[in-house]
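Trainee: Structure in C-alpha cells, see below.
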Amino acid sequence: MKLKVLALGAAGALALTACSGASTTESSTAEPMESSSSMATDMAPEAISVGVVSIVSHPALDAAQQGFIDGLAEAGYVEGENLKLDLQNAQGDQSTLTNIANTFASSDYDGFFAIATPTAQALANVITDRPIVFAAVTDPVAAQLVASWEAPDANITGVSDLNPMKEQLELIQEAMPDVSTVGIVYSSGEVNSEVQVTEAEEAAAELGLEIVSATVTNSSEVQQAAESLDADAFLIPTDNTVVSAAESVIQVGEQKQIPVFASDESTMERGAAAGLSVNYTQQGLDAAEVFLRLIEGTPASEIPVETQSEFDMFVNPTAAEAQGLTLPESIVSRATKQF
C-alpha cells in the first residue's frame, strides 16, 4: 500500500537576503565581486534556535525527530551554522518531562518541536509566547492541545499520527478469519491511547469482534498485562509506553501462539506479524514544514492539523510463523515492505 500524506500547503518562502553584485567600472578602484562562498552565506536563512523533546526513545519517535531535522536541513538550516538544536528526551518519566518543559519555557529559543502527546501537553502548559509544532499526536483535540483540527488556536499545531483502527481490525480478520477477540495493552496515562482503544471498540462492534484490554503505567508492566489477556490476537496501538516495550508483547505472543499486529513500522521490524503504519519520518518532515511557517509568522489558526489518509502495510512472515500464523498471500503481496 502506498503512503499518501495530505498536502500541508505552501510552506512559505524562506527569507533570503538578496545578493547583488557591486557595479563595475573601468576604474582600478572598483570593488571586487563577492565570492561564491560569501554569497552563499548571505543567502542562508537567518539563524534559529529550536528546543526538541520526545517523551521516550523508540524507533518511531526517533524517526520523527530525524525527519524534523532533515526537513530543516532541506530548507537551509544546518546545525552548527544557522541552527541551534537542543535535543531532550524524557525517557518516559513525567517529572523529567515537566523539568524539560520548564527549562524550555525559560529559554530564549525561537520555537519548539514536541514529539508525542504527553510532550506536546507539557510544553503547551508552560509556553504560550512562541510557536510549538507537534508530531506523533493521535488526537490533539481530545488532548486539549487545539480547539479544532481545522483551526488550531493559540501557538500550537502540527501533524497527527491518528491510526486507522477499523482498517487494522479488518486486516486482522483477513489474516485470521476465525478471530473473535483482540487484546490491546495500553497506557492509562496517554490520552492518545485511550482514543485508539475507544475507536477500536467501536469498530470491533461493527465487525463482530470483541476488544479485551489491560492498562499499564510504565513499560515494566507490559508483559504481565499481555499475559493477563485472553485473546486470539494482540494489537499494539501507537502507545509510547507499550511500543517502547513491544518485545514483551511479542514474547507473550510467541509463548501463547497469539499473533501480534502493530501500528508502526518499527514494531513490525522488531517482531510483530503485520500491520498498517504511519510513516514517522514523513511526520517529522511535515512538522518541519509547519514549524517554518510558524516561525515566519503564519498564525497557528491558519495551519490545520495534518493527518495521513493512506498507510503503509508491513509484514513479517517469519515473526508471524513464530506466533502460529501463516500470513495469507493476499496480505503479503500487498505489503509495502517485508521484514
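Trainee: Checking a compactness column here: for the stretch 42-169, what do you get for Rg(Cα) / (2.2 N^0.38 Å), N being the number of residues?
Mentor: 1.07
Trainee: Given only helices, namely DSSP H runs of n ≥ 4 each adding -39500 (n - 2.57), what is the per-residue ellipticity at 222 nm of the chain, to the nearest 500 deg cm²/dmol? Don't skip to the answer; put the middle values down first.
Mentor: On the way: 13 runs with 127 residues, N = 339.
The helix-only estimate for the chain comes to -11000 deg cm²/dmol at 222 nm.
Trainee: Check which residues have an amide H placed less than 5 Å from D153's amide H, if you skip close sequence neighbours.
Mentor: Those qualifying (amide H under 5 Å, at least 5 residues apart or on another chain) are A147, S148.
Trainee: Report D for the stretch 137-176 in µm² per second (integer): Stokes-Einstein, Kirkwood Rh on Cα pairs, 20 °C, 1.002 mPa s.
Mentor: 182 µm²/s
Trainee: Size of the dipole of the stretch 193-339 about the Cα centre, Lys and Arg at +1 and Asp and Glu at -1 on the beta carbon, nothing else charged, in debye to 20?
Mentor: On the way: 5 positive and 25 negative charges, 81 e Å.
About 380 debye.
Trainee: Can you work out the base-10 log of I(q)/I(0) for the stretch 158-245 at q = 0.13, 0.19 1/Å, using the Debye formula on its C-alpha atoms alone?
Mentor: With no solvent term, the Cα-only Debye profile gives -0.39, -0.82.
Trainee: First obtain the Kirkwood hydrodynamic radius of the chain from its Cα pairs, then insert it into the Stokes-Einstein equation at 37 °C and 0.692 mPa s, and state the resulting D in µm² per second as a whole number.
Mentor: 154 µm²/s
Trainee: Place a +1 charge on the Cβ of each Lys and Arg in the chain and a -1 charge on the Cβ of each Asp and Glu, then give the dipole magnitude about the Cα centre in debye, rounded to the nearest 20.
Mentor: It works out to roughly 200 debye.
Trainee: Right, here's the next one. Of R293, R130, how do they rank once you tally other Cβ atoms within 10 Å and put the fewest first?
Mentor: R130, R293
Trainee: With the dipole of the stretch 271-339 worked out from charges on the C-beta (+1 for Lys and Arg, -1 for Asp and Glu) around the Cα centre, which of A273, A335, G324 lies farthest toward the positive end?
Mentor: Of the options given, the answer is G324.
Trainee: At 7 Å along Cα-to-Cβ for each site, give me the label-to-label distance between D86 and D108 in nm.
Mentor: Inter-label distance under the simple model: 1.2 nm.
Throughout, read-outs are computed from the coordinates displayed, never taken from laboratory work. This one's a predicted model, so the numbers in the text were calculated from it and none came from an experiment. Note that each Cβ is placed from the backbone with ideal geometry, even for glycine, and that neighbours are counted across all protein chains shown.
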